[in-house]
Amino acid sequence: MMKRFFSLAVCVFIISIFAACDDGEKPEQGGSPEGGESTIEQVGQPAGKIPEGKKLDAVCTYEGLWLRNMPTNKNESGFKWVAGLKLGDKITYLGETTKLDGKEDAWDMIKVQDLTGNVGWIPFANSVVDAVPAVVKSTTKQYSTPQLTSDTGKKIDAMTVLGVINNSRKDDFIQVAIYGTYPFWIAAEEISTADYDVAMARLYTLAKNQFDAGNISKQKYLEKLDEIRSDKLLSDSIFLPAIDEEYQKILFELESEPAGDEEEVIEESG
């Protein structure tokens, strides 16, 4: 059963961050946004109106997202980066919304606060508001409504980190959303909200994406897998057997390769 975790393509949430300014002030901790300078490219926005004037739990659905102190894509006087967010981070929506740079046809921007008290603006599309972090246990079907007849023909992969809409459970279904999608429904039994499951899935996804992209060597990938599976805080995760299986697979491949056979890889820092 665990083999299906690795026969599936993992949703790509590679670090590549939106809207940077040429010489805007970056946070001291962590330096400039990872992935270099880039521009916002909208791929979708959750359906429905954004609730205003009310604080709500929310989830960051984009790896490497940066809080900014004002809802702009320009290097205005006083602009600065505030702090970085990770996929699956718990944040608080502070009830304030506006449009990027004040343009009516632009992205909706929301004001949020992270768990350490940093406050800033992010695109609404990079979050799920009124939700908690969760992860998909195994590959499962997507539904447009909470009933079996609404099967969309699409599936969502195991270990996909997403947001579960609060109080959305209806019979055997629950409503969820990921980066760049409208909310949809999946079987409630396929969701885990345990922090250690969310964390292990995120760490594995990052390591696997780096390896598949050729940014780290097979040896480095093995080391990252070993770090994940050896983390005592993650020892209760349902994904541990799958991580162990992947580790043993890569270890066997390395031991079977002739000495010096692995291609040299220029590895990313971190």
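Where a number appears in this text, it was derived from the coordinates with a stated rule and is not lab data. Remember, it's a predicted structure, so these values are computed and weren't measured experimentally. Glycine gets a Cβ as well: all are built from the backbone with ideal geometry, and neighbour counts include every protein chain shown.
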**Message:** When you check Gly120 against the structure, is it more than 17 Å from the chain's Cα centre (by Cα) and exposed (fewer than 14 other Cβ atoms within 10 Å of the Cβ), yes or no?
**Reply:** no
**Asked** Which residues, counting only those in the range 234-250, are part of a helix (DSSP H, G or I) and out of contact with any Asp or Glu (no Cβ under 9 Å at 6 or more places or on another chain)?
**Response** Leu240, Pro241, Ala242, Ile243, Asp244, Glu245, Glu246, Gln248, Lys249, Ile250
**Scope the range 114-135; condition of a type in the set (A, V, I, L, M) and touching a residue at least 60 places away in the same chain (Cβ under 8 Å); matching residues** = Ile122, Ala125, Val128, Val129, Ala131, Val132, Ala134, Val135
